[in-house]
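Each value in this text was obtained by applying a stated rule to the coordinates, not by laboratory testing. Note that the structure is a prediction, hence the values are computed from the model and not measured. Cβ sites come from the backbone with ideal geometry, for glycine too, and all protein chains shown count toward neighbours.
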Amino acid sequence: MIRFLFRRLMWFVVTMTVVMSVSFFLMKNVKGGPFDTERALEPAIEANIQARYHLDWPLWKQFLHYTGPFNLDERGLAGTQEKVLGGVLSGDFGPSFRYRDFTVNDIIGQALPISALLGVVSMMWALALGVSTGIASALRRGSGVDLALRLAATGGIALPNFVIAGFLIIIFVFMIPLLPVAGWGSIKEMLLPGFCLGLVYAAYLARLTRTGMLEALSQDHIRTAQAKGLSPRTVVLRHALKGGLLPVVSYLGPATAGILTGSLVIERIFFIPGLGSHFVNSASNRDYTLAMGVTILYTVLVYSMNTVVDLAYTLLDPRIDLAEEA
Amino acid sequence: MSAADPKRFDLDDATAERLLREAQEHKGISLWQDAGRRLRRNRPSWYAMVFLIGFGLLSFLAPLLPLRSPVRSNLDITLHAPTLDGGDGNYLAALDPEADSALVARQIEKDYWELSSLDHGLISLRRMIFGSWQTGHWLGTDHLGRDLLSRIVWGSRTSILVSLAAALCSLVIGVFYGAFSGLVGGRIDNLMMRTVDILYSIPFIFVVIFLITLIGDYRQVLEEEWGLDREKVFYLVIGAVFWLTMARVVRGQVLSLKHAEFVQAARVMGASTFHILCKHIVPNVLSIVIVYLTLTIPAVMLFEAFLSFLGLGVEPPRVSWGLIAVDGTSAINPLRIHWWVVIFPALAMGCTLLALNVLGDGLRDALDPKMRGKD
């Protein structure tokens, strides 16, 4: 276990180095900075801005300053007291290039809880829908219910989520006015976006659960349990489910990544001020530090989620050896 | 049967010749014949394939069809409900058989975008067949009064082209990477696969959005020096993202084939490396590659729609399904429900993606019976 975590940590360092340096140097090579406006700035003002954001430093120094963990700025940022630590490694993503008075940390701090809540809601939708329909169609294999559920699952995979969101808005907001169309805060406002975001993953999870349950149900120990005279309910919930859900657990990592990505779209449709909409805006506004901050944050999230999933996997299935997996 | 009676195995010449001839006539069922048969027996997949081929033809022949212009807007009939009668609000002067060629060229430029010479040929063929007749707004019009039917058909061209090109891109990178890694083995293989692992854990969409925004700035340089327009860059970027799974799958297949018994048997029988590669390795890898290709195409199509939604995809005047779907979604408002702008693009896209998914699953079952029914 320790060895596995250590190895993961090592690869994590490599991954982060790659992500940070690639995106940093890509950004720096773009023509047109974040301060390009219609009118040309006064040379003195421009020099001031350059100095303020260290754009006049050599590239390697900017990079080191950005990554940290040491603050290379001898003067200290204007208006702030001198810091020894700075940069991403100390948890400081720097100032936003576009929203002048905010740091990237401020913006992420506001938006992340919203996105995280949306993610949790849609994950709950996905798990509840996916696992229950998957079990239902495995238990009634070949029946009409199974066929209908499988078709619905394939449909859910085949349509982009903004189209599904459009349908659902028409149905549940305009035709049957049950839910609000946009906004964020109350539980009612979370239902629809969470559902739209989770639907694709519900479809995948339903497929995985069905396959896993079918395999689990055909095993010897299930027959033994049935022969002992246990009720069908106990057999399914106690004995089959544990084995049948293994593929589901391993899919949770990619699903998390997908939900994070899908939130880019859903947050735009439902006007939710989350991290996803900030990212899209920052990329088109050339707000480099914000875009990079979000990318780095998401990489960390996805990576740690994958590691947690792998750990959970071994707890559920003792046959898997982490030392080999790493 | 005993060794004491060798005569029992003696055959006269005629019988021996007959047996030999029979043996020659007997043909083993190749992998592909077998797969074809299994695919045909899998009804949903077979229908999906027929549907896709039909739809592909339709979209390829779009200039030949008597459709309205997918670009020209008519603000008098915005968001018009589907109707069967023609109406001449969107009449193309270029379709008049008497029109002179300069006018036609100018008109086509305005009503479409830069078309290939093949498409120009198809349009003049259309003028010969249909004259100035064109379809009515059978599927209604969008918020700028453009004909939805025509937009969907023309949009399918872009979407299919983008997904095919990007899937092929990912195919080339993935197959070369995976095959090289699997064949070389050892330390290099380890390193290459670790690289893939690292790339896997990067949330690529962010990088892609980043890249596409960046490319916007370098557009001129790329176009002049490298001959890459935005679409080609688009294929390359998407292809560069989707090759990872392909590389893993191909590597796994090559690794297991390298030591497979039938490959060793062929080697013992004195087959040359080239022969083994062509006859045994490539067909076996190819089957799995085709399966992943059919599963990559819908993924790319969805991705294109996703990028179009964010305003980073295909640019107007060109149309793609992603763009049409985005237009449809943004036309939703509480006062009047314009169902056609949402439903029809979604149907076209959903049916195609569904068919591709079903075909991909069916092909996997057909080519790899062991995987049957597993997801």
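Computed per residue of chain A from DSSP H runs no shorter than four, each worth -39500 (n - 2.57), the mean residue ellipticity at 222 nm is -22000 deg cm²/dmol. Express the Stokes-Einstein translational diffusion coefficient of the protein assembly as shown in µm² s⁻¹, to the nearest whole number, given a Kirkwood radius over alpha-carbon pairs, 10 °C and a viscosity of 1.306 mPa s. Diffusion coefficient, whole number: 55 µm²/s.
What are the trypsin sites (Lys or Arg not before Pro) within the stretch B:226-293 that DSSP puts in a loop, where the Cβ has at most 14 other Cβ atoms within 10 Å? Taking the stretch B:226-293 and a limit of 14 other Cβ atoms within 10 Å, no loop trypsin sites (Lys or Arg not before Pro) are found. Backbone geometry of the stretch B:180-186 corresponds, through the Karplus equation with coefficients 6.51, -1.76 and 1.60 at θ = phi - 60°, to 3J(HN,Hα) couplings of 4, 4, x, 6, 6, x, x Hz, x marking Gly and Pro. Near A:T103, the amide H atoms lying under 5 Å from its own belong to A:S96; only residues 5 or more places off or on other chains count, and H is placed 1.01 Å from N. Peptide A:15-23 has a mean of 3 when you count, residue by residue, the C-beta atoms of other protein chains within 10 Å of its C-beta. What the Cα atoms of chain A give is an Rg and a Dmax of 24.6, 86 Å. In terms of the mean number of neighbouring beta-carbon atoms within 10 Å, the peptides B:72-84, A:302-314, B:346-358 order highest first as B:346-358, A:302-314, B:72-84.
Backbone geometry of the stretch B:232-240 corresponds, through the Karplus equation with coefficients 6.51, -1.76 and 1.60 at θ = phi - 60°, to 3J(HN,Hα) couplings of 5, 4, 4, 4, 5, 5, 5, x, 5 Hz, x marking Gly and Pro. Computed from the Cβ-Cβ distance with R0 of 45 Å, the FRET efficiency linking A:F25 to A:A128 stands at 0.55. Each Cα pair under 8 Å and six or more residues apart adds its separation to the average, and for chain A the resulting relative contact order is 22 percent.
Within 10 Å of each Cβ in B:301-312, how many Cβ atoms from other chains are there, averaged over the peptide?
If you average over the peptide's residues, the count of other-chain Cβ atoms is 4.
Inter-chain Cβ neighbour count for A:151-162, averaged per residue, equals 6 (cutoff 10 Å, partner chain atoms only).
Packing, as the average of other Cβ atoms within 10 Å across residues, places the peptides A:174-181, B:62-69 in the order B:62-69, A:174-181, highest first.
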